[in-house]
1. Name the pairs whose Cβ atoms lie under 7 Å apart, with the first residue in region 571-593 and in a helix (DSSP H, G or I), the second open to solvent by 50 Å² or more (accessible area, probe 1.4 Å) and away from ligand 2 (no atom under 16 Å from the Cβ), and 6 or more positions between them or separate chains?
2. Can you tell me which residue within region 853-898, out of those that are among the polar types (S, T, N, Q) and assigned to a helix (DSSP H, G or I), is nearest to ligand 2 (Cβ to nearest atom)?
3. Right, Lys323: within 16 Å of Gly356 (Cβ to Cβ) and open to solvent by 70 Å² or more (accessible area, probe 1.4 Å) or not?
4. Consider Ala713 carefully, then state whether it is crowded, with 18+ Cβ neighbours inside 10 Å, over 42 Å from the mean Cα position of the chain (by Cα) and not charged (D, E, K, R).
5. Restricting attention to region 262-271, does a residue exist that is at positive phi, in a loop (DSSP other than H, G, I, E, B) and open to solvent by 10 Å² or more (accessible area, probe 1.4 Å)?
6. Looking at region 557-604 only, could you name the residues that are of a type in the set (Lys, Arg) and away from ligand 1 (no atom under 13 Å from the Cβ)?
7. Being of a type outside the set (Phe, Trp, Tyr), assigned to a loop (DSSP other than H, G, I, E, B) and either away from ligand 2 (no atom under 16 Å from the Cβ) or more than 24 Å from Val882 (Cβ to Cβ) (or both): is that true of Asp834 here?
8. Could you run through region 837-852 and say how many residues are within 16 Å of ligand 2 (Cβ to nearest atom), over 27 Å from Ala398 (Cβ atoms) and open to solvent by less than 20 Å² (accessible area, probe 1.4 Å)?
Amino acid sequence: MAKKYVYLFGGKKADGKADMKELLGGKGANLAEMCNLKIPVPAGFTITTEVCTYYYKNNKKYPTELKKQVETALAEVEKIMGMKFGDAKNPLLVSVRSGARSSMPGMMETVLNVGLCSKTIPGLIKKTNNPRFVYDAYRRLIMMYSDVVMEKAAGIEPEEGQGIRTQLDKMLEEVKHKKGYKSDADLTTEDLMDLCEKFKKKVKDVLKKEFPDDAKEQLWGGIGAVFASWNGKRAVSYRRIEGIPDDWGTAVNVQAMVFGNMGDTSATGVAFTRNPATGENVFYGEWLPNAQGEDVVAGIRTPNPLNEATKNEHNKHLPSLEKAMPSVYKELLKIRTTLEKHYKDMQDIEFTIQEGRLWMLQCRVGKRTGTAALNMAMDMLKEKLITESQAVLRVSPAQLDELLHPIVDPAAEKNATILAKGLPAGPGGACGEIVFTANDAVLEAKKGKKVILVREETNPEDVEGMRAAVGILTARGGMTSHAALVARGWGKCCIVGCGAIKIDVKKGVMEIGEKSFKKGDFLTLNGTKGYVYEGKLKMADSSENPRFVNFMKLVDKFRTLNVRTNADTPEDASKALEFGAEGIGLFRTEHMFYGKNSEEPLFRLRKMIISKTKEERIKALNELFPYVKKDIKNTLAVMKGLPVTIRLLDPPLHEFVPNKEDERKKLAKSLGISFEEFEKRAEALHEINPMMGHRGVRLGISYPEITEMQIRAILEAAAELINEKKKVAVEVMIPVVCTKAELDHQKLIFDAVYAEVLKKYKLKKLDVLFGTMIEIPRAALTAGKLAETAEFFSFGTNDLTQMGFGFSRDDFGSFLPDYLDNKILPKDPFQTLDQEGIGELIQFGIERGRKTRQNLKVGICGEHGGDPASVEFCHKAGFNYVSCSPYRVPVARLAAAQAAIKFPIKKAAKK
Ligand code: PEP
Ligand code: MG
């Protein structure tokens, strides 16, 4: 039997269903599911994603069976709808839309009103008795088709502002202007007929091709254009950003047209079953009477509110659907309930009302802000719509991260004057320099600038610029416009429909009232309220959402992995504790020599570094000792008995030698040596490759007294706290180890100091472990031996990645983009753990380590400890804990819980 490439839906039944997204795309699968739920959906068919993959693998050819399957399906659609495609008397019109597995709003193409041509136009006029409607539909077809099929899909790349669509738009505006019309609705039948003729001429002039006057030709043109748009520029960019694989392909949905522009009893709208910005359990949306769907999404007219409850400042004067068409609204409300009960999640829906009859055109899980995701998860749990584990899975780590993102400082905002108001499309605050093009946004952001992308309208073409900007501001568009959806999905601060701004891209200026702004001027946006401010306003942490605390409690119910933090000051440690850290996984001792209050200990460290003889060094170490001990004691005290891993010094030595002459002289004097001698010693410290040089344990091998001082400082700090009746749990960690002999050498020192400290403080024992970092591939490979001495491993995946790949941590950034662009690497391996290679080293290390020491404690303290995908790996690999910077602790907790739900481990790792 021939492979099935085409799936029919309509007449309250369908070939497909919701769980066939891979094959039918999200849109196709959900259209089928709605039919199965007996919800009114115009009949149609879905051409599978396999056809798209086939098309790209076979030089843009379709499988031979496709044509026949499309024709058979079209005949079925004709039967269900009681109309015929291309028929002179009773013509069926169709829409041709994309639909990938995961939603890519506005990134691919759509053609509506396909099938209108000189043969079908008279029949449709006769049938509808509405010539104006027919010519309006025809001019829309010409505009879309010429843009999507004849220009974009044909690979024509016009200059900015010279695209066929823009040229036709201009012609339309000219007619309106000349005749003094306010809106498109004022255009008469004659105007539209005239425009259609002129449009076709223009298309011929510009694109050198006749506009096709055959229904079937239009249909196949549309199908081809949707497949072509899978590899369009903005779809490719969006896939890169969202990590959607190129080989998924898109499906194509061909569906009977229903019309929202057939007069006052017709309408079109977009709605969310709950508020996507706040999560509030209210039916929320926008609609336009006598319009086609694209009008709402394109933001050409200010849309009306769906109901009375959700009216806002911008649309309160407009009638709601609830009031204007109460019975249709009621039916829609019922569908809202059916869909939420069925999908158990907030749905984003599109509908059309044709002469009083409601049709559903789409439903999909709605994109939402982090706040909305959190609120909906907790509400739906309370409503018993979802289970606890489902609630935990409902908030992505990125959304949680967004909740922790800055807002405009409320105090600063209170004193500031609002420059303009728009619709609050994306959450939080943003402050940055104005740019007017997506390109500029990308360029300036690359230079490290924070930019606000200001555009006339929400244009999906701008996706890369939107990503690069910290905030987005547009003059036109509604809450459901494409860019608003995209920005919200990313949790990016975004204001749309800010009518007060007048932009002149060519001149690079924007006017708001009397004021003029140019590229590089600063703006501050409050995306939660839709307010625009001049200049820079102070930013603040997102206010505490009480739901956040409860959600995190729920998260911790599921987690088997512990989450610690990388912190080396009492302040950072306290912050991390607030965020739920369960210990410190990495205390970098060298931190005390940087920043605030570091001069004195730094001077002594420098003395120690520049010392030549053991006597000199011991003298300097003795001076350094009280600083180190105090620093460690303060942090241990804050952690109140939670485990704290203190890593012995691991600095590149030459970095600590001062450059300034007066400081060099002061050091020489303090050491009692000549300046010449000092210079000689400093020169000797210089290393060609300090990352692989005399650092970490290697220092302790050369100068055991350095190790001894540190261990004494740690253990005495712990002993003092014990004697002060405080709790402590310390882990002493040796860095840059690659052989067991190194570790044994250091362990001897540890044992000796341990005994001395017990004696000095009259203690029987101290809660202390001795362990090692695994950050050199050889250490991972010899982990079985290292575990004979080490009581714990902490994977230093920064260095393990550096040395595993041989990529310098500090220089990789310069050629990383080439690796990503050429798909040599899927992601930056310093950000997301390379599971294939470095992950293999880690797994090998754990396996060997635990073979030797069954209860070996295993953690990670490289930057990957806060990366959700890497946390999932750590869960699966049997780690005891991950450790990350304080602000990433909640994200790591959530990622760990989600990993535990998705990949239950029979025997939970011992904490
Ligand atoms: C590591 O290498 O992963 C690590 C945590 O140590 P550092 O970043 O200090 O080298
Ligand atoms: Mg390291």
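1. Short answer, once both residue conditions are applied: Met592/Tyr627.
2. Ser870
3. For Lys323, the condition - within 16 Å of Gly356 (Cβ to Cβ) and open to solvent by 70 Å² or more (accessible area, probe 1.4 Å) - is met.
4. Judged against the criteria, Ala713 is a match.
5. Taking every residue of region 262-271 in turn, at least one turns out to be at positive phi, in a loop (DSSP other than H, G, I, E, B) and open to solvent by 10 Å² or more (accessible area, probe 1.4 Å).
6. Taking region 557-604 and keeping what is of a type in the set (Lys, Arg), we get 557, 559, 564, 575, 588, 596, 604.
Residues satisfying the conditions are Lys557, Arg559, Lys575, Lys596, Arg604.
7. Here the answer is yes, as Asp834 does meet what is asked.
8. Initially, region 837-852 is screened for residues within 16 Å of ligand 2 (Cβ to nearest atom), giving 838, 841-842, 845.
If we keep only those that are over 27 Å from Ala398 (Cβ atoms) too, we end up with 841, 845.
The next check asks that each one be open to solvent by less than 20 Å² (accessible area, probe 1.4 Å); those that pass are 845.
Number of matching residues: 1.
The values are calculated or read from the model by the stated rules, or taken from the named source; none is laboratory data. These numbers were taken from a predicted model, which means no experiment stands behind them. Cβ atoms come from the backbone with ideal geometry, glycine included; neighbour counts cover every protein chain shown. For the accessible areas, the whole protein counts, side chains as well, though only heavy atoms, and no ligand, DNA or RNA atoms are used. Shrake-Rupley method; radii C 1.70, N 1.55, O 1.52, S 1.80 Å.
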